[in-house]
Amino acid sequence: MKIQLDTTSEKTWCPGCPNHMILASVKQTITELIESKTYKQTDFAITTDIGCHAKIFDYINLSGIYCLHGRALPTAIGIKLGNPSLKVLSFVGDGGMYSEGMAHFIHAFKHNANMTLILHDNQSFSLTTGQPSPTTQQGYISKASPLGTADRPFNPIKLALAANATFVARTSAKDMKHMSEIFTKAIEHNGFSFVEIIQDCLIFNAEANNKDSLMYKIKDNKSLEQAEKLAREFDYNSKSGKIPIGVIYQSAERSLEDKWPQLKKQLNLKSNITKKPSILDKLIPTK
Ligand SMILES: Cc1ncc(C[n+]2csc(CCOP(=O)(O)OP(=O)(O)O)c2C)c(N)n1
Ligand code: SF4
């Protein structure tokens with residue numbers, strides 16, 4: 001079957017924005033998974049939040065829902081409940097996920113639905129011109145924080161581990177090969193996989209950029225004790241310390257689909273949904 005992930009939508013990200021590289025890596029990953037004959041294009045669905053990152057919805061030809069700010073994750077879980085066979089990817093920013101959507105973030109680890117959360121962390125609310133987000137470093141001066149941000153940032157990796165995450169990984173938006181390897185491992189994990197992408201924003205909070213020299217690659221880790229140590233190495237607050245990238249933690253637990261007999265039953269059914277031509281096809285423009 002021909003793979004057609006491109007769309008005709010004009011890209012409105014700033015030239016050089018790392019979101020372009022994230023998009024390319026996501027497309028490469030999905031193309032490779034389809035070419036491996038394990039998946040079809042229609043096996044994937046996406047949800048996106050609101051923010052610069054969320055424009056990915058228009059640039060990748062996959063079914064999905066462009067959600068309210070902070071709600072991309074519960075909507076993705078809703079898609080999984082409707083059709084547990086789908087491979088669902090949810091794209092969120094640090095602002096929307098850790099502010100408006102924080103409760104969903106924590107509970108998602110508990111439910112352990114078999115899906116992937118891709119978090120673009122540029123340590124700023126960028127679409128709305130650079131207000132401090134929950135992972136912004138202390139002292140950041142913006143129009144919304146003229147005296148400098150006083151609060152210490154959250155450490156989302158620590159939060160994820162404390163909430164019983166079964167897959168936590170970190171990658172860099174500047175390393176397309178690494179991103180693609182991590183996305184593949186995340187998508188193939190049986191359970192909820194959380195991938196944090198360290199991403200520069202070229203326009204807002206530029207002082208948080210260029211942390212590359214702190215990053216180092218780790219081997220896939222399955223020890224919780226080691227994961228907790230790795231999580232403490234980067235505090236999102238300073239440019240000292242080290243930033244481990246790779247699979248920080250992975251464990252085997254029952255997924256939401258394994259826990260709920262209704263979903264398990266649906267998983268075993270061969271999909272019998274065939275698309276019938278509808279009058280709506282003419283009314284709703286394709287991407
Ligand atoms: C409930 C709600 N709160 C706030 C907003 C305004 N808003 C839209 S996008 C955005 C910033 C998004 O920042 P982030 O999630 O970090 O994504 P980025 O733009 O950095 O990719 C904000 C505050 C909104 N649309 N809805
Ligand atoms: S404002 Fe920042 S995150 Fe948004 S498109 Fe421009 S560089 Fe990318």
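The values are calculated or read from the model by the stated rules, or taken from the named source; none is laboratory data. Fair warning: this is a prediction, and the values are worked out from it, not measured in the lab. Because the Cβ atoms are built from the backbone with ideal geometry, glycine has one as well, and the counts that use them run over all protein chains shown.
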Which listed residue, of Ala162, Ala169, Ala231, is among the aliphatic types (A, V, I, L, M), under 30 Å from Gly139 (Cα atoms) and crowded, with 23+ Cβ neighbours inside 10 Å: Ala169
Flag for Val88 being under 21 Å from Ala173 (Cβ atoms) and in contact with a helix residue (DSSP H, G or I) (Cβ under 9 Å, 6 or more places away or on another chain): no
Matching residues in segment 180-218 - criterion: being within 13 Å of the chain's Cα centre (by Cα) and either free of Cβ contacts under 8 Å to residues at least 60 places away in the same chain or within 16 Å of ligand 1 (Cβ to nearest atom) (or both): Phe194, Val195, Glu196, Ile197, Ile198, Gln199
Total residues in segment 171-228, condition farther than 22 Å from Ser240 by Cα and of a type in the set (S, T, N, Q): 6
Enumeration of residues in segment 133-164 that are more than 16 Å from ligand 1 (Cβ to nearest atom) and in contact with a Ser or Thr (Cβ under 6 Å, 6 or more places away or on another chain): Gln138
Filtered residue count, segment 30-56, keeping only those that are surrounded by fewer than 18 Cβ atoms within 10 Å (Cβ to Cβ) and in a loop (DSSP other than H, G, I, E, B): 5
Selected residue (criterion: nearest to the chain's Cα centre (by Cα)) from residues of segment 65-98 that are within 15 Å of ligand 1 (Cβ to nearest atom), in a helix (DSSP H, G or I) and small (Gly, Ala, Ser): Ala72
Of the criteria (1) within 30 Å of Ile141 (Cα to Cα); (2) away from ligand 1 (no atom under 16 Å from the Cβ); (3) at pLDDT 95 or above; (4) among the small types (Gly, Ala, Ser), which one Gly241 fails: (3)
Extreme residue, nearest to Asn122 (Cα to Cα), among residues of segment 57-98 that are surrounded by fewer than 23 Cβ atoms within 10 Å (Cβ to Cβ) and aromatic (Phe, Trp, Tyr): Tyr98
In segment 99-143, the residues that are in a strand (DSSP E or B), polar (S, T, N, Q) and surrounded by 19 or more Cβ atoms within 10 Å (Cβ to Cβ): Thr116, Gln131
Residue satisfying all of: in segment 178-236; within 16 Å of ligand 2 (Cβ to nearest atom) and among the charged types (D, E, K, R); farthest from Glu32 (Cα to Cα) among these: Glu207
Any hit, segment 17-29, residues being surrounded by fewer than 19 Cβ atoms within 10 Å (Cβ to Cβ) and within 14 Å of ligand 2 (Cβ to nearest atom): yes
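Residues to consider are Asn122, Asn114; find the one that is within 15 Å of ligand 2 (Cβ to nearest atom) and either touching a residue at least 40 places away in the same chain (Cβ under 8 Å) or within 17 Å of the chain's Cα centre (by Cα) (or both).
Asn122
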Residue that is surrounded by the fewest Cβ atoms within 10 Å (Cβ to Cβ), among those in segment 202-223 that are among the small types (Gly, Ala, Ser) and more than 27 Å from Gln131 (Cβ to Cβ): Ser213
Selection count, segment 82-126, where residues are in contact with a His (Cβ under 7 Å, 6 or more places away or on another chain) and of a type in the set (D, E, K, R): 1
Members of segment 114-132 that are more than 7 Å from ligand 1 (Cβ to nearest atom) and either among the polar types (S, T, N, Q) or on the phi > 0 side of the Ramachandran plot (or both): Asn114, Thr116, Gln123, Thr129, Gly130
